[in-house]
Structure formats: structure tokens, C-alpha cells
Amino acid sequence: MKILKCLLMIVTAPVVLVLTLFVWLCTGLIYISSLVRGLLSTVIALLGVAVIITYSPQNGVILLVIAFLISPMGLPLAAIWLLGKVQSLKYAIQDRVYG
């Protein structure tokens with residue numbers, strides 16, 4: 001039984017390592033791109049307000065929705081949530097195998 005546990009640890013070690021590197025890489029990408037996304041969403045939101053006032057309310061609302069989706073509260077928040085689930089999976093594997 002001890003041999004099987006040791007083999008399971010050896011087999012799952014690369015999986016845990018890959019998941020750890022993936023989480024670190026994605027966290028770094030999210031951190032670096034947050035400034036650019038914030039500035040871009042601000043510009044698009046201001047443009048959306050200007051379009052609502054001057055041109056077409058429908059196109060302005062579309063721009064505001066796009067600005068929301070690229071803002072830190074839109075799709076990036078969903079990516080952070082998904083990244084948290086991947087990290088939870090990594091910890092579950094570690095707890096189950098390594099004790």
C-alpha cells in the first residue's frame with residue numbers, strides 16, 4: 001500500500017507543478033494587463049457617453065456595454081474566478097495525495 005501511495009505522489013507531482021505554473025502565469029498576465037484594460041475601458045466609456053449625447057443612443061449603449069465587459073468588473077472578473085477554481089483543484093489534489 002505504501003508503494004502505491006508513493007507511485008501516486010510521483011505521478012501527481014507534474015500535474016501539481018503544471019497547475020502551479022499555470023496559475024502563476026495567468027495571475028501575472030491579469031496583473032500586467034489590468035492597467036491597460038482600465039484605461040481602455042475608461043476611454044470607451046467616455047466615447048459611449050459622447051455617442052449617446054450626440055449621435056445614437058443605441059450605439060452609445062453598445063459602447064458602454066463593451067466598456068463594462070473589458071473593465072475589471074466584466075470578463076476579467078470571470079477569468080479571475082475561473083483561475084480561483086483551477087487553484088482550488090490544485091489544492092484539492094495536493095490535500096488528497098500528499099495528506
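If R0 equals 30 Å, the separation of the Cβ atoms of Leu75 and Leu47 corresponds to a calculated FRET efficiency of about 0.95. Peptides 78-90, 61-73, ordered by how many other C-beta atoms sit within 10 Å of their residues on average, highest first, read 61-73, 78-90. Relative to the longest principal axis of the Cα atoms of the chain, the long axis of helix 57-70 lies at roughly 30 degrees. The label point for Lys5 and the one for Gln58, both projected 7 Å from the Cα toward the Cβ, are 6.7 nm apart. The share of accessible area on the chain that comes from carbon and sulfur is 80 percent, using a 1.4 angstrom probe. Heavy-atom accessible surface of the stretch 26-69, averaged per residue, reaches 71 Å², computed with a 1.4 Å probe. Candidate values (i) 20, 17, 10; (ii) 80, 18, 5; (iii) 46, 11, 7 were compared with semi-axes √(5λ) of the Cα gyration tensor in Å computed on the shown model; the agreeing label is (iii).
The values are calculated or read from the model by the stated rules, or taken from the named source; none is laboratory data. It should be emphasised that the depicted structure is a prediction, and the values quoted were computed from it without experimental measurement. Note that each Cβ is placed from the backbone with ideal geometry, even for glycine, and that neighbours are counted across all protein chains shown. Heavy atoms of the whole protein, side chains included, go into the accessibility calculation; ligands, DNA and RNA do not. Shrake-Rupley method; radii C 1.70, N 1.55, O 1.52, S 1.80 Å.
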